[in-house]
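**Q** My questions all concern the structure below.
The values are calculated or read from the model by the stated rules, or taken from the named source; none is laboratory data. The structure presented is a predicted model; accordingly, all values stated were derived computationally and were not measured. Neighbour counts run over all protein chains shown; Cβ positions are idealised from the backbone, glycine included. Note: accessible area is taken over every heavy atom of the protein model, side chains too, but ligands, DNA and RNA are not part of it. Shrake-Rupley method; radii C 1.70, N 1.55, O 1.52, S 1.80 Å.
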Amino acid sequence: MTATSNNIHTTFEKQMHIVHITAELTPIAKVGGLGDVVAGLSAQHQNMGQHVDIILPKYDCLLYDQIDDLTQLKTYLHVPWDHGLVPCAVWTGQVHGLSCIFIDPQSDLGFYQRQAVYGQFDDIQRFAFLSRAAIEYLWHSNNHPDIIHCHDWPSALAPVFLFEIYQTLGMTKPRVCFTIHNFKHQGLAGRDLLETTGLHRQDYFSKVDSLLDLNNPNALNLTKGGIVFSNFVTTVSPRHAIEVMDEDQGFGLEPVLKTHRAKVNGILNGVDYDFFNPATDAALAEPYSADTVEIKHANKEALRQRFSLEQNHKPLVAFIGRLDPQKGLDLIEHALMTTVKENGQFILLGSSHDPAINQHFKSLAQQFVNSADVHLEVGFDEPLSRQIYAGSDFMVVPSQFEPCGLTQLIAMRYGSVPIVRATGGLADTVFDIDYSDKPKPERNGFVFEDFNETGLDSALHRALICYQQQPEQYQRLVQNAMCSDYSWAKPAQEYLTIYESIRSNF
Ligand code: ADP
């Protein structure tokens, strides 16, 4: 994540001050795509001349060796909480050139002292606190930003605090953009949260057109609050914006999204092309680019060597991702079996928050422990992921739903041809070699429609045959994939247009 190269001049004359409030940030607190998005978008905006700050918790599990100039501010913040005040140390630091502000509450609650980002019994409180502390910090900073950009339910209450408490105190300048990366996780809370956070006004907030969950009359829905109270709402691909409003993929939020349709839009995620760059990636056995793609093979050999796989002429198919049912767990297993049956090799890198799922894949790994063609790595290993992107020939992404998906985008950057299901951002970014209506140079992968084994096989089979029997065609696909531009340049410009419109229209 470098925020120093590729200076691109924005078409907007005035610099904006943009503040992200986030639970994740790559690489210091990476869980999934959200952390990549905050880092990549911020770096791009900074390179375009914008002023960007990122507010996140000072987790004990941050990768501290990747934070420069970590410094505690002299004054403490006193955050209203549970009818009292929680003193908070505030730290500043730089993460790969990005300016970060870390919230460090000094209380027995130990919100960010759990050696984990998520998965705690009090996650709702931990992140409601983040939102309140972040807005409190901005209020006291006397440097009110133009834009506050919130991400998923952990920072969805920030616009509620801003517009319902701090605006009346005089913080009238900021406008809020809320990006929903995954509708499956919405942040449901008991009504007590209104008292804990100091929002109070039970009758006002527990209404259908406010925070009340539509399926549980006793619950508050934080994501819904983010939609209602923000000035603009984005999903992470245009296709997913349609799916969540009109195709029942909003996990119950469809009516709310339809009501607010005028301020909802889909902006495709980008990939940080400085960080994910096969030409400069220090994790690779041998760097390469689209012009020197024959060198990619050295990375395949190194990967096979690392996992004691046979060096042969077989295509290497990979899966990288969270082992979540959303990702099509049965289909991933099926892809492995089909690949082996059709004379290919398969590598998986994945992990789950659910111990039972991890155990299942560890058992599967045991079955292939002496295999010359299969390796399963159950765990989270960022540098290894880049070695797999570089060493594989294909990346399979058989998701049931996929708001955007970064794995197929990173795979293309590294010349690993994606095999994906036509859903969400996968459908917006991967165009089938045989069936797409795009011009041939824009066709960059294999796509299937039906979320079942037959559907997957229809694409995987064509991919393996292409590699084995049409090497020139396969190499053209690699070139097309590597030349597809999924950098942040375009989406960052689109976000600036949104920021500018909400600054002038509200
Ligand atoms: P999601 O946000 O649903 O997890 P995305 O495809 O948007 O999925 O982003 C996943 C990101 O996390 C990618 O950068 C991918 O390389 C990375 N990733 C996922 N699982 C692992 C893992 N086990 N080890 C290393 N990186 C991983």
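**Q** Looking at the chain only, what percent of DSSP beta bridges run antiparallel? Nearest 5 please. Could you put the intermediate results ahead of the total?
**A** On the way: 22 of 71 bridges.
So the antiparallel bridges amount to about 30 percent of the total.
**Q** If you don't mind, another one. Net charge near residue 453: determine it from the other residues with C-beta under 14 Å of the C-beta of residue 453, scoring Lys and Arg +1 and Asp and Glu -1.
**A** Around residue 453, the surrounding residues sum to -4.
**Q** Quick check: net charge around residue 239, other residues with Cβ under 10 Å of its Cβ, Lys/Arg +1 and Asp/Glu -1?
**A** Net local charge, residue 239 excluded: -4.
**Q** When the expected Rg is taken as 2.2 N^0.38 Å, what fraction or multiple of it is the alpha-carbon Rg of the range 229-387?
**A** Relative to the rule-of-thumb radius for its length, the range 229-387 sits at 1.31.
**Q** Restrict the search to the range 51-122; then list the chymotrypsin sites (Phe, Trp or Tyr not before Pro) that DSSP places in a loop and that have at most 16 other Cβ atoms within 10 Å of their Cβ.
**A** Answer by residue number: 76, 118, 121.
**Q** Picking from 236, 156, 183, whose Cα lies most toward the positive end of the charge dipole for the chain (charges on Cβ: Lys, Arg +1; Asp, Glu -1)?
**A** So the residue furthest toward the plus end is 156.
**Q** Would you grab the residues whose amide H sits under 5 Å from the one on residue 316? Only those 5+ places off in sequence or on another chain, please, with H modelled 1.01 Å from N.
**A** Amide H neighbours of residue 316, under 5 Å, 5+ apart: 345, 393, 394.
**Q** Name the shape class, rounded, prolate or oblate, that the alpha-carbon gyration tensor gives for the chain, where a ≥ b ≥ c are the square roots of its eigenvalues, rounded holds for a/c under 1.5, and otherwise prolate holds if a/b is larger than b/c and oblate otherwise.
**A** Judged from the Cα gyration tensor, the chain comes out prolate (a/c at least 1.5, a/b above b/c).
**Q** Mind scanning 30/74; 30/58; 314/341; 184/327; 224/263 and naming the pairs with a C-alpha gap bigger than 18 Å?
**A** From the list (30/74; 30/58; 314/341; 184/327; 224/263), the Cα-Cα distance tops 18 Å for 30/74.
**Q** Expressed as a whole percentage, what fraction of the accessible surface of the chain belongs to carbon and sulfur atoms when a 1.4 Å probe is rolled over the protein heavy atoms?
**A** Answer for the chain: carbon and sulfur cover 50 percent of the accessible area.
**Q** Kindly identify the range 166-251 as rounded, prolate or oblate by the Cα gyration tensor criterion: order the square roots of the eigenvalues as a ≥ b ≥ c, call it rounded if a/c is under 1.5, otherwise compare a/b with b/c, prolate if a/b is larger, else oblate.
**A** oblate
**Q** Using the alpha carbon gyration tensor of the range 380-506, what are the three equivalent-ellipsoid semi-axes (square root of 5 times each eigenvalue), largest first, in whole Å?
**A** Equivalent-ellipsoid dimensions as semi-axes: 28, 16, 15 Å.
**Q** Oh, and also: For the chain, what does the accessible surface come to per residue with a 1.4 Å probe? Please give it in Å².
**A** 39 Å²
**Q** Which distance in Å, rounded to a whole number, links the C-alpha centroids of the range 179-194 and the range 121-166?
**A** Distance between centres, Cα-based: 14 Å.
**Q** May I ask you to rank 294, 164 by accessible area, largest first, using a 1.4 Å probe over the protein chains only?
**A** 294, 164
**Q** May I ask you to list the lysines whose Cα is less than 17 Å away from that of residue 14, ignoring any residue fewer than eight positions away on the same chain?
**A** 173
**Q** For the chain, what is the mean residue ellipticity at 222 nm derived from helices alone (per DSSP H run of n ≥ 4: -39500 (n - 2.57); sum divided by total residues; nearest 500 deg cm²/dmol)?
**A** -10500 deg cm²/dmol
**Q** Counting only other residues whose beta carbon sits under 15 Å from that of residue 306, what net charge do I get with K and R as +1, D and E as -1?
**A** On the way: positive: 300, 304, 386; negative: 286, 301, 310, 373, 377, 381.
Net charge around residue 306: -3.
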